[in-house]
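Any read-out appearing in this document is the output of simple, stated calculations on the displayed coordinates, not a laboratory observation. For clarity, every value in this text was computed on a predicted model and none was experimentally measured. Every residue, glycine among them, receives a Cβ derived from its backbone with ideal geometry; neighbour counts consider all protein chains shown.
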2 protein chains.
Amino acid sequence: MLLPDVRTPTLLLDAAICRRNITRMQEKAASHGLVFRPHFKTHQSRRIGSWFRDAGVTAITVSSVGMARYFADDGWDDITVAFPVNLREAEEIDALAARIRLGVLVESAAAAERLSVLLHAPVDVWIKIDTGYGRSGISFDDADRLGALARVIADAPGLRLRGLLTHGGDTYQAADAADVVQRFTRTRRRMLAAADSLRDDHPRIQISVGDTPGCTLADDFSGIDEIRPGNFVFFDVMQLRRGVCRVEDIAVALACPVVAFHDERSELVLYGGAVHLSREQLVDARGAQNFGLPVPLSAGGWARPLTGASVVRLSQEHGIVQLAAEDRSALSEGDLLGILPVHSCLTAECMKGYRLLDGTVADHYAGAPAASPAPSRSTPSAPADHTPRQEESPS
Amino acid sequence: MLLPDVRTPTLLLDAAICRRNITRMQEKAASHGLVFRPHFKTHQSRRIGSWFRDAGVTAITVSSVGMARYFADDGWDDITVAFPVNLREAEEIDALAARIRLGVLVESAAAAERLSVLLHAPVDVWIKIDTGYGRSGISFDDADRLGALARVIADAPGLRLRGLLTHGGDTYQAADAADVVQRFTRTRRRMLAAADSLRDDHPRIQISVGDTPGCTLADDFSGIDEIRPGNFVFFDVMQLRRGVCRVEDIAVALACPVVAFHDERSELVLYGGAVHLSREQLVDARGAQNFGLPVPLSAGGWARPLTGASVVRLSQEHGIVQLAAEDRSALSEGDLLGILPVHSCLTAECMKGYRLLDGTVADHYAGAPAASPAPSRSTPSAPADHTPRQEESPS
């Protein structure tokens, strides 16, 4: 039996592909003289983090304070939390800022002022800029608001104004590679314009940009100081479809047991659903949904996607695959089929761990506990087994 | 500060609502003379399970072998795994079947024969029937295949043919309450027809049906032996929209810190995204997406949804809420806003734990580990901290 230790849906990781993706992006950043601060929210793994360390990376990006603590406990000491600062976690931010160089994102004077009051340890502050994505941040062309906020931060005790930061997530909506580069160029120009409007008062202002499609495909980074891509470490079908990566660059595949066949509609049922892959989907021009690409598995990894096959429907634990009769005939109940995920960040978040091709495992940050203990209150109604999910203990 | 222990997105659970939902369904099952075998995949919690026990429930449904073990370790001894049997877990199934009364689902003779060979302990076997949902199971009107499979199971050593089981998930696609009842009635008739075709050879064949919309709204259960609804324990916005529940029946709300405002587009940004709520969405007639309904929080729970407000976009950790200016004016950065989830099963699966209104927590099954250990292989490349997610230890 192939991979007998794989009994339930399992996220396979090809370390060789993953390390190649890391090296390639690191070399690109170096060749352009950029600070490479990769986003670790894609993999959330100390073991994969160690491969970045091997490649010379010393500064990282995460998406939550808990994730920052997870990596700080593993020895990372220069971390940006790339999410609008959550004032409810001021205590945790303060404790972390006392241990490492910590960066946070701010987009309002009110939040900056509160932060300055709540913290004792100094933090780096980045102003979140909206370059057109329309999710969060100050609009790049709102020079008045930008100037006012920069002054508040520069004057606030304990806050160190580092620069302007954008996600540039609109490259994720690009139609193809050329469109990605165009959108990235527009983002870069908008960030330069925003920084220029501050340069007189804040000459050392830096520019940080972040998306995998732009950082992978663009060649002109002039004016940019730092890049923060994350997804490139694994890539996925979404990036493949946009021409951002090749199929041989995808570093993860979900191994799923085959549990049933419905030959009359050219379908089979996998043990592998929304709780494993996430519900992220691609929709083609005719409206057909695609939740992942089936690949044959072998002991050494996986082969190219089966022609014309896809995951066409998904419930909580079921995945329905449509595939050709000749591919079906090679499979029985109890066999495994691999699925290249549509969005690897969300699949990794669902699976919370990896199995490498050598049979060893890699960790994944477990997330915040269900609730902080409420120490002021006795809890007689909760028996001992009712514990929330625990974070992994520090190494 | 309201709920100061809530610092990151936290799933609040109103135990009073939840217990009322449990009691109501239990009483309905009893009044119709039905076996009530609730699906525990919605809550996946031993503590919430104890509330079912308080209501007299003794038999349950789960969606994976690991989840069955989680509840068996808590004293549940009559469990059906309502998922097409995964032959890769034969060893785990066998171990569990030796301890408790275990039911599995089969839909092919090949799987039944393999199962009979692989298991030593006897198991209950249900034939999965497709009553029109088109996901998995034997079509209700395929009497030949059904009869052949029933014979194989009845003759296979160690397999006890219990009956026919369907999910009836097409009620989740119903437009309104009347449509739900119509679809449930069709499912019931189709199950009766399928059972009738087997009755001569298998007189004790039972019928088990499963969906929350049908079990909540239907009044005619004649011919049915057992119901397995799950979602009703929490309900959610999807059920509210279909007229299956009232807003005051929804037992969970995600408490999210407010992190930014964009008044120019009547939006605010929440710390609370796809990794917390799941990407499940409702789409209205004009194509607008809705990922949840904002509710004001108080120490005692939550109020009714804010008129006209909804979660309009979702990224990995960000939720974008559109709401009226008067509701916005009551909020500042660092405040909390509650979100009633679109699909509570998936939100609970994302959050992996609950905070009750009294400040105590309830557990949630942690899921299968990233990979089984590969004992035949030394793992020198994996340092000690690279452990997969661990299951909670048995009580």
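Of all the Cα-Cα pairs you can form in region B:17-56, what percent are over 15 Å apart?
35
Counting only other chains, and only Cβ atoms inside 10 Å, what mean value do you get across the residues of B:127-133? Each step should come with its number before you reach the end.
Working: counts 0, 3, 0, 1, 0, 0, 1.
For this peptide, the per-residue mean of nearby foreign Cβ atoms is 1.
How well do other chains shield peptide B:354-365, expressed as the mean number of their Cβ atoms within 10 Å of each residue Cβ?
Per-residue shielding by partner chains comes out at 6.
Provide, in order from the shortest bin, the percent of all Cα-Cα pairs of the protein assembly as shown in each 10 Å bin, continuing until the bin that contains the maximum pair distance.
All Cα pairs, binned at 10 Å, distribute as 3, 14, 24, 26, 19, 10, 4, 1, 0, 0 percent.
Placing +1 at every Lys and Arg Cβ and -1 at every Asp and Glu Cβ, with all other atoms neutral, what dipole size does the protein assembly as shown have around its Cα centre, in debye to the nearest 20?
Working: 84 positive and 100 negative charges, 15 e Å.
Dipole size: approximately 80 debye.
Suppose each label sits 7 Å from its Cα in the direction of the beta carbon; what would the residue B:54-residue B:248 distance come out to in nanometres?
Here the modelled spin labels are 2.0 nm apart.
Suppose each label sits 7 Å from its Cα in the direction of the beta carbon; what would the residue A:222-residue B:298 distance come out to in nanometres?
6.1
If you average the alpha carbon positions of region B:297-317 and of region A:278-339, how far apart do those two centres end up, in angstrom?
36
Could you order peptides A:82-93, A:206-217, A:298-309 by the average number of other Cβ atoms within 10 Å of their residues, highest first?
A:206-217, A:82-93, A:298-309
Looking at region B:178-216, which trypsin sites (Lys or Arg not before Pro) are in a loop (DSSP not H, G, I, E or B) and have at most 11 other Cβ atoms within 10 Å?
Filter output for region B:178-216: B:204.
Put a point 7 Å out from Cα along the line to Cβ at residue B:134; what are the distances to that point in the other copies, in nm, shortest first?
3.3
Considering every residue in B:57-63, what mean count of other chain Cβ atoms within 10 Å of its Cβ is obtained?
1
Express the C-alpha Rg of region B:216-312 as a ratio against the empirical globular expectation 2.2 N^0.38 Å, rounded to two decimals.
Working it through for region B:216-312, the quotient is 1.31.
Give, rounded to the nearest 20 debye, the magnitude of the charge dipole that region A:246-362 has about its Cα centre when Lys and Arg contribute +1 at Cβ and Asp and Glu contribute -1 at Cβ.
For this selection, approximately 240 debye.
When each copy gets a label point 7 Å from Cα toward the beta-carbon at residue B:248, what are the spacings between them in nm, shortest first?
So the label point of residue B:248 gives 6.5 nm to the other copies.
What does DSSP give for chain A in terms of the percent of beta bridges that are antiparallel, rounded to the nearest 5? Each step should come with its number before you reach the end.
On the way: 31 of 60 bridges.
That works out to approximately 50 percent antiparallel.
Please report the residue of chain A with the smallest beta-carbon distance to the A-to-B rotation axis, and give that distance in Å, no decimals.
Rotation axis A onto B, closest Cβ, rounded to whole Å: A:279, 2.
Give me the percent of DSSP beta bridges within the protein assembly as shown that run antiparallel, rounded to the nearest 5.
50
Placing a label point 7 Å from Cα toward Cβ, how far apart in nm is residue B:283 from its equivalents in the other copies, listed shortest first to one decimal?
0.3
Could you work out the helix-only [θ] at 222 nm for chain B, with each DSSP H run of four or more residues adding -39,500 (n - 2.57) and the total divided by the number of residues, to the nearest 500 deg cm²/dmol?
-8500 deg cm²/dmol
Hey, could you pull the Cα Rg and Dmax for region B:77-229, both in Å?
15.3, 47
Which one, B:357, B:253, B:307, is farthest towards the positive end of the dipole of region B:247-362 when Lys and Arg carry +1 and Asp and Glu -1 on their Cβ?
B:253
Region A:223-294: which trypsin sites (Lys or Arg not before Pro) are DSSP loop and have at most 10 other beta-carbon atoms within 10 angstrom? All intermediate terms of the calculation are to be shown ahead of the outcome.
On the way: sites: A:241, A:242, A:246, A:265, A:279, A:286; in loops: A:242, A:246, A:279, A:286.
For trypsin sites (Lys or Arg not before Pro) across region A:223-294 that sit outside H, G, I, E and B with at most 10 neighbouring Cβ atoms in 10 Å, the list reads A:246, A:286.
Suppose R0 equals 35 Å. What FRET efficiency, 1/(1 + (r/R0)^6) with r the Cβ-Cβ distance, do residue B:263 and residue A:199 give to the nearest 0.05? Mind showing how you got there, number by number?
Numbers: r = 28 Å, r/R0 = 0.80.
According to the calculation, E is roughly 0.80.
Enter the per residue convex hull volume of region A:246-362, computed from alpha-carbon coordinates, in Å³ rounded to the nearest integer. List each step's numbers first, then the result.
Details: hull volume 12.9 nm³, N = 117.
In region A:246-362, the Cα hull volume divided by residue count equals 110 Å³.
Fully extended, how many nm does the chain gain between residue A:286 and residue A:101 (0.36 nm per residue separation, minus their Cα-Cα distance)?
Answer, rounded to one decimal: 61.6 nm.
Say each of residue B:185 and residue B:330 gets a label point 7 Å from the Cα, pointing the same way as Cα to Cβ; how far apart are those two points in nm?
Label at residue B:185, label at residue B:330, 4.3 nm between them.
Along each of its three principal axes, how wide is the spread of alpha-carbon positions in region A:17-89, in whole angstrom units, largest first?
Principal extents (Cα only, largest first): 39, 25, 19 Å.
Taking 0.36 nm per residue of sequence separation and subtracting the Cα-Cα distance, how much length would be gained by fully extending the chain between residue A:160 and residue A:117, in nm to one decimal?
14.1 nm
In debye, nearest 20: dipole of region A:77-229 around its Cα centre with unit charges on the Cβ of K, R (+) and D, E (-)?
The calculation lands at about 100 debye.
Have a look at chain B and give its Rg and Dmax from the Cα atoms, expressed in angstrom.
Final numbers for Rg and Dmax: 22.6, 70 Å.
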